[in-house]
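Asker: Sharing a structure with you now.
Nothing in this text is a laboratory measurement; each read-out follows from the coordinates by a stated rule. Predicted, not measured: the structure shown is a model, and the values here were computed from it. Cβ coordinates were reconstructed from backbone atoms using ideal geometry, including for glycine residues, and neighbour counts include every protein chain displayed.
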Amino acid sequence: MPSKTSKKEKSEPSHWPVYLYGAAMAFLGMLLGIIYMMSFPLKGYSSLEERKVEMEARESLDPVPGDAFYIEGPTLRSRTWELKRKELIEGTAQTITLSPGEINAWFGANFRSSVPVTEEESSGLTLVPDVPNLGISEEGTLYLNLPSDITGYGLDGDYVLSAQARYSRGTPVKLVVDRLQVGGAAIPLPGQLGAQMVSKVIKGFSAAEEYKVIREAWDRVQSVEIKNGELVLTLDTP
């Protein structure tokens, strides 16, 4: 004969549906919050000092939507990057120092997306990247910025994707994403979701001949450091 205790246990409802519903609502709220924050522009500054001056001029220092920012690097009009590109490809130098201005001039001349980056058809999300931009703050933080035309998920217009990143130690050298912002929204789990998004964006450039050449040359890079606002590449020369 079943005990009263066993009958009581059987009659108690399961709490799992409540937990699942709560988790689903929390996820939906987070997604809506991200989409809302993406509607605010991501503002570019040439330096942290420029941003500091602008913030100090405000009546209130309390954070507000639209405060998200990135450091935008300059673009040099000189073509000094061409010699350094040759040194990287041919492996004729042990170290190569590249300023953000040189890298951005290089980007502008050779790195343009060949195809739109489209997620699965069911998602309806399409991203058309423009010319990348590299900025480095006075603190040595690397900002990899990508203006893009994004449609889908209620979005339709120009946005800036900005990844705060660093180069890993050891060989092969990889780009590690510490923070990713799309418009005014910070993407959660930057090391996973952010890295996947950056990887998908890079595919938009993968068909370009310049991308293939640099990818092969990158195998010789042993380390990347940031010194005095510039990238210092150490190569394994023949």
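Asker: Obtain the nm distance between the two label points defined at residue 43 and residue 186 by a simple spin-label model: each point lies 7 Å from its Cα along the Cα-to-C-beta direction.
Answerer: It is 1.8 nm.
Asker: Here's another thing I want to ask about it. Kindly put 75, 97 in sequence by how many other C-beta atoms sit within 10 Å of each C-beta, fewest to most.
Answerer: Ordered from fewest to most neighbouring Cβ atoms within 10 Å, 75, 97 come out as 97, 75.
Asker: Give the residues of region 222-238 whose amide nitrogen is closer than 15 Å to a point set 7 Å from the Cα of residue 176 in the direction of its Cβ.
Answerer: From region 222-238, the list is 223-226.
Asker: Fully extended, how many nm does the chain gain between residue 223 and residue 61 (0.36 nm per residue separation, minus their Cα-Cα distance)?
Answerer: Computed gain between residue 223 and residue 61 is 54.4 nm.
Asker: Would you tally the net charge around residue 94, using a Cβ to Cβ cut-off of less than 11 Å, leaving residue 94 out, and scoring K and R as +1, D and E as -1?
Answerer: -1
Asker: Quick one: order 148, 60 by neighbouring beta-carbon count within 10 Å, fewest to most.
Answerer: With the sparsest Cβ surroundings first, the list reads 60, 148.
Asker: Give me, ordered by chain and number, the residues 5 or more places off residue 92 or on other chains with an amide H under 5 Å from its own placed amide H.
Answerer: none
Asker: Also, quick follow-up: In which sequence would 61, 231 go, from the one with the fewest C-beta neighbours within 10 Å to the one with the most?
Answerer: If I rank by nearby Cβ atoms, fewest first, I get 61, 231.
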